[in-house]
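The values are calculated or read from the model by the stated rules, or taken from the named source; none is laboratory data. Note that the coordinates shown come from a computational prediction; the quantities given were computed from them, not determined experimentally. Ideal geometry is used to build each Cβ from the backbone, glycine not excepted, and the neighbour counts take in all protein chains shown.
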Amino acid sequence: MHKNQFELFVRKYTLLASIGMGVILYVIYRHLSFLNPYKVQIKALVLDIVPFLIFGMLYVAFCKIDIKSMRLRMWHLILIIAQIGIPFIIGFMLSKDYVSDREVYEGLMVLIICPTAAASAIITGKLGGSEASLTSYTLVSNVAAAITIPFIFAYAGTKVTASFADQMILIANKVFPMILLPLLLAFVSRYILKAIHSFLITTGKDLPFYMWALTLTIVTAQVASTLVNASVDPATMAYLAFIGFVACIGQYVFGKFVGNFYAQRVSAGQGLGQKNVVFAIWLAATYFSQSAVIAAACYMIFQNGFNALQLFYKDTYDKKRAAKGLKPYQEI
C-alpha cells in the first residue's frame, strides 16, 4: 500500500475506529472485576489527560493558521443568529408552558445553543474547509454562548440560582482557556519559536488529527458510561436519541445550506453542526435534567458518525473532481 493510499485509508476509518475503541474500552473497564480497586484512579487519570490532548492538538492546528486570514464573514452572523435565536424561541415556549414534553425541549435547546467545538477546525481542514474561517467562527460562537446562555436559560427556567454575572464567568472559564491559550501560543510560536513552528506545520501537520482520534476514544467511553448508567426506560432513551439525531443532522444541513452561498459549505456545516459536546453534557447536567444529558450524549455519537461519513466520502468526491480536471475541494 502506497503512502498516499495509507493516508486515505486512515483518514476514512480513524473516527469510526475511535468510536468503536471507546465503546470496547468502556466495556472492559465496566466488566473486568480485577480493575475494581483501581477504577476511580483510572477514570481520574484518563479524564485528566483529555485537556492536555485538546490543548496540544489545537496548538498544532492553530500553528497552520495565518492570523491575517482570520476575519468575520456573513455566514458567521447568520449561523450565530440561528444558534442564539432558536434557543430563545424554545426558552420562550418553555417559560409560557406552551410545550408538554419539557425535558425534550430542554435537550434540544442545549444542543443548539452549545458553541462550536474548538477541535472542529481539525476535521474541517481534512474535509477541505477553511480552518481560518472556522476558527474565527468558533471564537464568535463561544463568546455568543457565554453571554446569552445565562439569560436564555434563566428565562426558560432552570435549577440554577446563581447570578447572571456568576454564570457567565463560570461558562467563560469552561470554554475560553482551551481556545485562547493554544491560539495565542501558536501566534507567538510563528514569530519567536520559528523552528518548532516550521516543524509542526510540515512534519507534524497531521498530528492534531490523531490526537483528536485518541481524545474521541476517551470521550466515547465517557458517553457510553453516561448512557449505560442513565435511569430511563428504553423507549425514552430511543426518543432522546432521535432528538439528538434530528438536532445533529438539522444543524449540519442548515449550516451547509447557508455556507454554500458563500463558497464555504464545509466550514459552515462544521461550524453549526460540530458542537462542544462535553460542554453540552455539562450544561445539561448543571441547568436541566438527565434527559437533556442523554440527548447531548447521543448527539456526540451522531456528530462523529456524520464526520466519519464525510471523511469517507471526501476521497470519492475528490476523485470525481480529478476526473473532470479539477483540484481537490478546498475552501479559501
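Scanning the stretch 39-55 for residues that are without any contact (Cβ under 8 Å) to a residue 40 or more places away in the chain, under 27 Å from LYS126 (Cβ atoms) and surrounded by 12 or more Cβ atoms within 10 Å (Cβ to Cβ) returns no hits. Taking the stated definitions as given, is LEU311 in contact (Cβ under 8 Å) with a residue 60 or more places away in the chain and farther than 30 Å from ALA154 by Cβ? Yes: the conditions hold for LEU311.
Residue by residue, here is whether (1) more than 30 Å from VAL228 (Cβ to Cβ); (2) more than 19 Å from the chain's Cα centre (by Cα); (3) crowded, with 18+ Cβ neighbours inside 10 Å holds:
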| position | (1), (2), (3) |
| --- | --- |
| PRO37 | no, yes, no |
| MET57 | no, no, yes |
| LYS68 | yes, yes, no |
| GLN83 | yes, no, yes |
| PRO87 | no, no, yes |
| MET93 | yes, yes, no |
| TYR105 | no, yes, yes |
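Among the residues of the stretch 18-35, those identified as surrounded by 12 or more Cβ atoms within 10 Å (Cβ to Cβ) and closer than 28 Å to GLY305 by Cα are SER18, ILE19, GLY20, MET21, GLY22, VAL23, ILE24, LEU25, TYR26, VAL27, TYR29, ARG30.
Enumerate the helices (runs of 4 or more DSSP H) found wholly within the stretch 230-332, keeping only those where 3 or more residues are more than 15 Å from the chain's Cα centre (by Cα). Give the steps one after another, and end with the answer.
On the way: elements: 234-260, 265-273, 277-287, 290-323.
In the stretch 230-332, the matching helices (runs of 4 or more DSSP H) lie at 234-260, 277-287, 290-323.
Does at least one position in the stretch 197-209 carry a residue that is modelled with pLDDT under 90, surrounded by 15 or more Cβ atoms within 10 Å (Cβ to Cβ) and under 21 Å from ILE112 (Cβ atoms)? Checked the stretch 197-209: no residue is modelled with pLDDT under 90, surrounded by 15 or more Cβ atoms within 10 Å (Cβ to Cβ) and under 21 Å from ILE112 (Cβ atoms). If you check LEU216, LEU200, LEU272, LEU227 for being more than 19 Å from ASN304 (Cβ to Cβ) and among the aliphatic types (A, V, I, L, M), only one passes: LEU200. In this structure, does ALA146 turn out to be touching a helix residue (DSSP H, G or I) at 6+ places or on another chain (Cβ under 6 Å), surrounded by fewer than 24 Cβ atoms within 10 Å (Cβ to Cβ), more than 19 Å from PHE288 (Cα to Cα) and modelled with pLDDT under 95? In short, no.
Of the residues PHE312, PHE261, PHE279, PHE288, which single one is at pLDDT 95 or above and of a type in the set (Phe, Trp, Tyr)? Steps first, answer last, please.
Numbers: PHE312 fails: at pLDDT 95 or above; PHE279 fails: at pLDDT 95 or above; PHE288 fails: at pLDDT 95 or above.
After ruling out the rest, the residue left standing is PHE261.
For the stretch 50-99, filtering for residues that are touching a Leu at 6+ places or on another chain (Cβ under 6 Å) and among the hydroxyl-bearing types (Ser, Thr, Tyr) leaves 1. Restricted to helices (runs of 4 or more DSSP H) entirely inside the stretch 177-228, those with at least 2 residues that are over 22 Å from the mean Cα position of the chain (by Cα) are 177-191, 194-202.
From LYS256, LYS275, grab the single residue that is basic (Lys, Arg) and surrounded by 21 or more Cβ atoms within 10 Å (Cβ to Cβ). First the steps, then the outcome.
Details: LYS256 fails: surrounded by 21 or more Cβ atoms within 10 Å (Cβ to Cβ).
Checking each option against the conditions leaves just LYS275.
Sub-7 Å Cβ pairs linking a first residue in the stretch 238-261 that is free of Cβ contacts under 8 Å to residues at least 40 places away in the same chain to a second residue that is charged (D, E, K, R), at least 6 apart or interchain, are LYS256/ARG265, ordered by first then second residue.
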